[in-house]
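Report on the structure given below.
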Amino acid sequence: MILHKLTTSPFRDLNMQHCLQRLGESDGVLLTQDAVYALIHQDIREKLNALSGKVFLLEEDADARGIEANGNVEIIDYEGFVELTFKFNKVVSW
Amino acid sequence: MILHKLTTSPFRDLNMQHCLQRLGESDGVLLTQDAVYALIHQDIREKLNALSGKVFLLEEDADARGIEANGNVEIIDYEGFVELTFKFNKVVSW
Amino acid sequence: MSSFSLLVTSAPFSEQNAYSAYRFALAAVQAKHTVNGIFFYQSGTLNGSSLQLTPSNEFDLYAAWKTLASDHKVPLMVCVSAASKRGITTAEDAHDSDNPHYSLTAPFESVGLGELAVLMKNSDRLVQF
Amino acid sequence: MSSFSLLVTSAPFSEQNAYSAYRFALAAVQAKHTVNGIFFYQSGTLNGSSLQLTPSNEFDLYAAWKTLASDHKVPLMVCVSAASKRGITTAEDAHDSDNPHYSLTAPFESVGLGELAVLMKNSDRLVQF
Amino acid sequence: MSESANTLAIINQSAPYGNSNGQESLDMAMAMSNFAQDVSLFFIEDGVLQLLSKQAPENIDARAYHKTFPALEFYDIENIYVCRHSLESRGIKVSELCIDITLIELHELPTLLACQQHVMSF
Amino acid sequence: MSESANTLAIINQSAPYGNSNGQESLDMAMAMSNFAQDVSLFFIEDGVLQLLSKQAPENIDARAYHKTFPALEFYDIENIYVCRHSLESRGIKVSELCIDITLIELHELPTLLACQQHVMSF
């Protein structure tokens with residue numbers, strides 16, 4: 001029950017791939033900052049779509065960058081981000 | 001005649017791949033700092049070996065990290081780094 | 001309600017992380033959670049510099065941290081060893097090094113890593129930015 | 001002999017880039033080349049902080065920059081706009097902002113980006129770190 | 001091709017907002033142009049994301065510096081090159097960008113850099 | 001598995017020297033252990049490179065902090081986990097590392113983190 005917080009673009013570094021390789025069954029993924037560009041990265045987007053219900057998008061960061069939610073991504077704001085940390089047992093920042 | 005200076009690990013980000021995709025015929029590649037780990041990255045090492053005579057390794061950074069030259073990489077120290085900038089017309093830092 | 005500690009390891013302005021931490025902390029206190037403290041480590045210690053002059057057309061994160069601290073009694077703790085090597089120094093550092101100048105002032109506090117251990121012990125969640 | 005300008009955009013200690021720039025500059029002057037100037041931009045401006053207290057078991061890059069400047073007459077130029085928002089401020093900034101403290105002192109100079117244009121015009125090579 | 005005096009290429013490869021590279025690169029470009037450098041801009045990889053019209057950085061209290069791009073022509077910065085491959089891999093159409101640009105292929109970057117005196121990268 | 005009180009996992013994923021993450025992570029680990037936290041260390045991806053015996057950072061005036069790893073047992077830090085996949089993809093043998101470690105598979109990381117109260121990453 002880990003929430004994996006991502007902040008960097010998957011076009012630039014391999015953080016997201018390293019995280020997804022080590023995802024536990026009941027873990028979740030939160031896309032923040034430049035990690036919201038995952039939704040326009042074809043390979044990564046497919047991997048995220050396969051994690052239905054476990055992928056969250058920080059609205060403020062997505063709106064800032066002009067990125068729209070697609071697939072089964074759940075949109076949350078900072079208030080939702082705070083609450084999300086309690087739906088999981090801990091947060092790992094990549 | 002561009003010298004491409006790389007500083008980050010190809011296991012961590014995609015800088016080196018982005019650079020190699022855009023390499024001109026008479027360009028060179030200089031591995032510094034964490035970019036010296038390119039020599040233990042199987043895919044990247046093969047690409048660099050194909051660039052015989054155009055790949056340079058900064059000795060101080062490689063020695064610090066315990067990485068040994070292999071293939072056709074030319075080892076240079078900081079003095080050689082300075083001279084290398086004149087064998088090429090300009091330096092691009094990735 | 002629940003309690004948080006935040007660990008901020010990134011410089012202000014140059015990266016978005018410190019700003020994101022601020023927004024998270026603000027959302028947490030607005031939702032009536034407790035933020036036991038915000039601990040600044042590595043380049044995060046640069047958030048504590050009182051010498052930052054933010055241009056008028058940019059968000060003043062330093063002022064925002066101070067307002068957060070005063071409005072919601074959130075301690076702002078700066079790791080002394082990570083800070084001093086980066087030029088984030090206290091009046092005491094200045095005295096000891098015979099430099100008339102320093103950069104860290106209240107409400108930011110200079111503390112050791114032991115304070116982070118105390119924060120974590122008393123917090124339901126640790127979130128790193 | 002030939003001439004260089006160096007552009008340093010990375011913070012000291014947190015990343016190796018600034019140290020690498022120093023080593024390059026030293027090697028260049030030892031080979032009798034001219035380093036017209038070292039220009040500090042973005043987080044690189046943090047190299048100019050006179051408040052940095054380097055632990056005795058670590059390399060003191062700030063002292064090394066100063067020695068390079070005095071031994072080889074290499075100008076150390078810090079971009080004023082990038083610096084001041086990061087808390088790298090001069091006596092003049094301090095006066096203007098009613099803060100008694102500042103962090104940028106000689107041999108580091110606070111300059112505008114125009115100085116970089118002049119450096120580049122007169123240099124055979126620009127190398128960024 | 002040979003180098004022309006006082007020419008500067010600035011390569012932009014960072015996404016906006018996550019770090020300050022984009023904004024400080026634009027500051028650099030405008031200043032260098034003011035000081036008589038002939039500036040060309042290259043947007044490659046995540047750098048192309050800076051040029052999207054539909055951005056709203058006020059959501060994260062960041063400066064909407066992308067609104068300055070259309071003013072670059074008044075700074076005599078007219079050579080703006082964008083990597084076609086980088087746009088396509090991100091599913092971005094040229095019509096989504098906030099300025100007129102010149103598309104380039106991967107292999108054109110070294111060719112175009114050849115005629116520049118100096119190069120910076122952000 | 002449930003969390004144990006005052007347990008801390010520190011994930012190391014950065015190569016040494018290129019940035020200060022490795023050194024400051026080790027400082028953090030030793031301090032937290034001194035202040036009664038039960039610390040476990042995880043080395044994954046480029047983090048495994050910190051553990052190589054054959055390093056000579058004096059060539060770049062960096063601190064040889066890898067020489068401190070063998071002393072961790074005196075700080076009661078005994079759970080040191082290294083990702084087997086990360087070693088193999090870098091062609092590194094366990095015999096090249098400067099301390100005794102426990103090898104873990106990719107999927108074991110979330111399982112082992114499950115029993116920790118807090119997690120940091122450098």
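Annotations for the structure displayed:
- Residues in the stretch F:80-95 that are surrounded by 15 or more Cβ atoms within 10 Å (Cβ to Cβ) and either small (Gly, Ala, Ser) or modelled with pLDDT under 95 (or both): F:Ser86, F:Ser89.
- In the stretch F:66-122, counting only strands (runs of 3 or more DSSP E) that sit wholly within it, none holds 3 or more residues that are without any contact (Cβ under 8 Å) to a residue 12 or more places away in the chain.
- Residues that are in contact with a helix residue (DSSP H, G or I) (Cβ under 6 Å, 6 or more places away or on another chain), assigned to a loop (DSSP other than H, G, I, E, B) and not hydroxyl-bearing (Ser, Thr, Tyr) occur at least once in the stretch C:13-29.
- Subset of the stretch E:50-79 that is touching a helix residue (DSSP H, G or I) at 6+ places or on another chain (Cβ under 7 Å) and hydrophobic (A, V, I, L, M, F, W, C) - its residue that is surrounded by the fewest Cβ atoms within 10 Å (Cβ to Cβ): E:Ala64
- Residues in the stretch A:15-40 that are assigned to a loop (DSSP other than H, G, I, E, B) and crowded, with 19+ Cβ neighbours inside 10 Å: A:Arg22, A:Leu23, A:Asp27, A:Thr32.
- Any hit, the stretch A:26-39, residues being within 11 Å of chain F (Cβ to nearest Cβ) and within 19 Å of F:Ile11 (Cα to Cα): yes
- Residue match in the stretch E:95-102 (condition: within 12 Å of another protein chain (Cβ to nearest Cβ), under 28 Å from D:Leu113 (Cα atoms) and not aromatic (Phe, Trp, Tyr)): yes
- Pairs with Cβ under 6 Å, 6+ apart, first in the stretch B:67-85 and more than 23 Å from D:Phe4 (Cα to Cα), second surrounded by fewer than 18 Cβ atoms within 10 Å (Cβ to Cβ): B:Ala69/B:Ile75; B:Gly71/B:Asn49; B:Asn72/B:Ser52
- Some residue of the stretch C:35-46 being assigned to a helix (DSSP H, G or I), modelled with pLDDT of 95 or more and on the phi > 0 side of the Ramachandran plot: yes
- The single residue among C:Thr90, C:Thr34 that is of a type in the set (S, T, N, Q), within 12 Å of chain D (Cβ to nearest Cβ) and without any contact (Cβ under 8 Å) to a residue 40 or more places away in the chain turns out to be C:Thr90.
- F:Met30, sole failed condition from (1) buried (at least 22 other Cβ atoms within 10 Å of the Cβ); (2) among the aliphatic types (A, V, I, L, M); (3) in contact (Cβ under 8 Å) with a residue 40 or more places away in the chain: (1)
- Total residues in the stretch F:99-113, condition over 17 Å from F:Leu72 (Cα atoms) and either over 14 Å from the mean Cα position of the chain (by Cα) or surrounded by 15 or more Cβ atoms within 10 Å (Cβ to Cβ) (or both): 10
- The stretch D:93-107, subset touching a Ser or Thr at 6+ places or on another chain (Cβ under 8 Å) and under 26 Å from E:Gln23 (Cα atoms), residue farthest from the other protein chains (Cβ to nearest Cβ): D:Leu104
- Condition check for E:Asp100: modelled with pLDDT of 95 or more, of a type in the set (D, E, K, R) and in contact with a Phe, Trp or Tyr (Cβ under 6 Å, 6 or more places away or on another chain): no
- Annotation note: of D:Arg125, D:Arg86, the sole residue that is at pLDDT 95 or above, surrounded by 19 or more Cβ atoms within 10 Å (Cβ to Cβ) and over 15 Å from the mean Cα position of the chain (by Cα) is D:Arg125.
The values are calculated or read from the model by the stated rules, or taken from the named source; none is laboratory data. Please read all numbers here as calculations on a predicted model, not as lab measurements. Every residue, glycine among them, receives a Cβ derived from its backbone with ideal geometry; neighbour counts consider all protein chains shown.
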